[in-house]
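Before any comments, here is the structure.
The values are calculated or read from the model by the stated rules, or taken from the named source; none is laboratory data. Note that the structure is predicted; figures quoted are calculated from it, not measured. Quick reminder, even Gly has a Cβ in these numbers, built from the backbone with ideal geometry, and neighbours come from all protein chains shown.
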There are 2 protein chains.
Amino acid sequence: MEKLRTHIQHIAPINDEEFEEIKTHFTLKKVRKGQYLLSEGDEVKHEYFVLSGIYKVFYIDGQEKEYILQFAQENWWMSDYPSFFKQKDATMYIECLVEGEVLCLTLQNREKLSATFHKMEHFFRVKLTNGYVALQLRIKLLLSGTPQQRYEEFARLYPNLMQQIPKKLIAEFLGVSRETLSRLYQ
Amino acid sequence: MEKLRTHIQHIAPINDEEFEEIKTHFTLKKVRKGQYLLSEGDEVKHEYFVLSGIYKVFYIDGQEKEYILQFAQENWWMSDYPSFFKQKDATMYIECLVEGEVLCLTLQNREKLSATFHKMEHFFRVKLTNGYVALQLRIKLLLSGTPQQRYEEFARLYPNLMQQIPKKLIAEFLGVSRETLSRLYQ
DNA sequence: TGTTTTGTGTGACTCAAATCACAGAAACAA
DNA sequence: TTGTTTCTGTGATTTGAGTCACACAAAACA
């Protein structure tokens, strides 16, 4: 839980009493490698705050092909956001790649926290702002970047993921075939 | 200004007094067709709320090619967000396609509004949430959608833009060549 | 431990979309 | 009105990346 507190503290200073109240809105969950936190068609009950481990958020298109929307590791948030916020059934999957722990937050608790604590509303806004900017940069890269540039940018942004996850998955994140990616770094 | 009020009101109810205070943070600007609100290298002073007109937010890559990140019309917000939020120089351009009016908001005023009015912080969070979801859906489409599917989705989401702006620009938004797009609807 | 599954590199082939090139249409300006 | 620029459709050609197919390596497993 201390990780969560430090994380919030970076953006909005909170005192002990406040944190005691805030933390009651989260529940802890241990996750094993290969375990699914979410599958297509599920009700999207939670957003997750990653304490440890590595996870992938992905979907499958009509031809059974996988595309990775997001990797998540320590201090990241993840969910099937379109469905979470609109409270619709999941169109995505979340799978654990490296075992770890996550904190679960329901939409109801998220809204309650935001309404009760101006600081938490501020916290979520700042997080969303950063997330929005990151997505715009990714769109830029998808629109105009060559596979080469996308790969280099990925390596620059997530050097640690480069070592810990198979290249195959990086290809799925970049929207490039496994083979093409493999030919890039020769 | 009434448009702004209605827009905020949809998300967070505010009274006359509050709105009087809120609106002092915005300045009005008339924009002509062809006019640039922002160019690469500029200081990004404002985020804009569109009262009327149509605008494109785009950037130019190394080979002089244009890519459109966002179209904006009535009730939309626009800026070079990565630079606006980090207060760096612009990497993008904003050009007016159909003349109209915008309200300008500085980052400082945006933060002030958020800090002073919990309601405004809530408002911005909700807008950001919707924006975040929209970007994720666009990434999905860029990753796995064929040019055909991207075009159809665009037509579904923005039927009015389809009529008002040249197909060439739609191609730049979808990340498809003008010629390929032209061959899609035969 | 050996066995199965999953990941990776590499060649050969295919194909969808980009690029190049042109002409007529529409919009705009003087 | 006429000239000029921008937009759009369409053919011919090129090309980058996807797909297919295989072999070997590495990891997971039992």
Scanning the range A:33-57 for residues that are over 17 Å from the mean Cα position of the chain (by Cα) and over 23 Å from A:GLN87 (Cα atoms) gives none
Restricting attention to the range A:48-82, the residues that are over 17 Å from A:LEU135 (Cα atoms), among the polar types (S, T, N, Q) and within 12 Å of chain B (Cβ to nearest Cβ) number exactly 1
Within the range A:169-179, restricting to residues that are within 19 Å of the chain's Cα centre (by Cα) and assigned to a helix (DSSP H, G or I), the one that is surrounded by the most Cβ atoms within 10 Å (Cβ to Cβ) is A:LEU174
Checked the range A:103-136 for anything facing another protein chain (nearest Cβ under 7 Å), polar (S, T, N, Q) and under 15 Å from the mean Cα position of the chain (by Cα); matches are A:THR129
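Taking the range B:40-78, which residues are among the small types (Gly, Ala, Ser) and modelled with pLDDT of 95 or more?
B:GLY41, B:SER52, B:GLY53, B:ALA72 - these are the residues of the range B:40-78 that are among the small types (Gly, Ala, Ser) and modelled with pLDDT of 95 or more.
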Checked A:GLU2, A:GLU47, A:GLU17 against criteria (touching a residue at least 24 places away in the same chain (Cβ under 8 Å) and away from DNA strand D (no atom under 16 Å from the Cβ)); the one match is A:GLU47
**Asked** Could you say whether any residue in the range A:97-114 is out of contact with any Leu (no Cβ under 9 Å at 6 or more places or on another chain), within 16 Å of DNA strand D (Cβ to nearest atom) and among the charged types (D, E, K, R)?
**Response** yes
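Can you say whether A:LYS33 is in contact (Cβ under 8 Å) with a residue 24 or more places away in the chain and over 25 Å from A:ARG138 (Cα atoms), as far as the supplied structure shows? I'd like the intermediate steps shown before the answer.
Numbers: in contact (Cβ under 8 Å) with a residue 24 or more places away in the chain: yes; over 25 Å from A:ARG138 (Cα atoms): yes.
Here the answer is yes, as A:LYS33 does meet what is asked.
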Considering only strands (runs of 3 or more DSSP E) wholly within the range A:1-63, the ones with at least 2 residues that are among the basic types (Lys, Arg) are A:27-31
Subset of the range B:137-180, residues within 14 Å of chain A (Cβ to nearest Cβ), within 11 Å of DNA strand C (Cβ to nearest atom) and touching a residue at least 12 places away in the same chain (Cβ under 8 Å), comes to B:PRO147, B:GLN148, B:ARG150, B:GLU172, B:LEU174, B:GLY175, B:VAL176
